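Chemist: Before we start, here is the structure in question, set down as structure tokens.
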Amino acid sequence: GALPASGNETEAYEAAVNLILKDRDYARAVPAFQAFISQYPDSQYSANAHYWLGQLLFNQQDWANAQQQFAIVVDRFTDSSKRADSILKMGIIAQRQGNIALARQLFNRVISEYPDSSARSLAENRLAQVSG
């Protein structure tokens, strides 16, 4: 039935998150989130799983793969609470890669789409850095 499956899904998600928050085992957290995403592609936790995976890859400075994960959140999960932060992170990645025009565009997008978010002030600070 549906209940045991959703229980496993919740447990799998929480186990992956705990590798980050409790164990700080970032090396194991990456494959845990990748496995979760492939096993539960339509999970209620999908957006968060892609965001966490993006965050882990970002911390490893794996810009291309991190950007890909954040883009999935932005494009596929328009209601996600992680969407503003994902656009912000994409801007930071563009900035790190020296793509200042794209960085500026993404920071402006955070400000216009999420004027009341905590991501907004971060985007404004970043925008000041790239506006020379």
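Chemist: So if I check each of Asp116, Asp62, Asp85, which one is farther than 22 Å from Ala12 by Cα and open to solvent by 60 Å² or more (accessible area, probe 1.4 Å)?
Modeler: Asp116
Chemist: Checking the condition farther than 24 Å from Tyr45 by Cα, without any contact (Cβ under 8 Å) to a residue 60 or more places away in the chain and surrounded by fewer than 18 Cβ atoms within 10 Å (Cβ to Cβ), which residue from Ala103, Ala128, Ala123, Ala94 passes?
Modeler: Every option except Ala128 fails the conditions.
Chemist: Which one of these does Ser86 not meet: (1) out of contact with any helix residue (DSSP H, G or I) (no Cβ under 6 Å at 6 or more places or on another chain); (2) closer than 29 Å to Gln129 by Cβ; (3) part of a helix (DSSP H, G or I)?
Modeler: Answer for Ser86: the failing condition is (1).
Chemist: Next up: Do we find that Arg109 is open to solvent by 10 Å² or more (accessible area, probe 1.4 Å) and either outside any helix (DSSP H, G or I) or in contact (Cβ under 8 Å) with a residue 24 or more places away in the chain (or both) in this structure?
Modeler: no
Chemist: Which condition does Pro31 not pass, out of (1) open to solvent by 50 Å² or more (accessible area, probe 1.4 Å); (2) outside any helix (DSSP H, G or I), if it passes all the others?
Modeler: (2)
Chemist: Quick check on the stretch 1-23. Is at least one of its residues open to solvent by 50 Å² or more (accessible area, probe 1.4 Å) and aromatic (Phe, Trp, Tyr)?
Modeler: no
Chemist: For the condition crowded, with 19+ Cβ neighbours inside 10 Å and among the hydroxyl-bearing types (Ser, Thr, Tyr), what is the one hit in Ser38, Ser46?
Modeler: Unique residue meeting the criteria: Ser46.
Chemist: Scan the stretch 41-70 residue by residue and report those that are within 14 Å of Gln97 (Cβ to Cβ) and either small (Gly, Ala, Ser) or outside any helix (DSSP H, G or I) (or both).
Modeler: Passing the criteria: Gln61, Asp62, Ala64, Ala66.
Chemist: Same structure again: For the stretch 85-124, name all the residues that are among the hydroxyl-bearing types (Ser, Thr, Tyr) and touching a Gly at 6+ places or on another chain (Cβ under 8 Å).
Modeler: Across the stretch 85-124, the qualifying residue is only Ser86.
The values are calculated or read from the model by the stated rules, or taken from the named source; none is laboratory data. This structure is a prediction, so every number in the text was calculated from the model and none was measured. Don't worry about glycine lacking a Cβ; one is built from the backbone with ideal geometry, like all the others, and counts go over all protein chains shown. Surface accessibility is based on the protein's heavy atoms, side chains included, excluding ligands, DNA and RNA. Shrake-Rupley method; radii C 1.70, N 1.55, O 1.52, S 1.80 Å.
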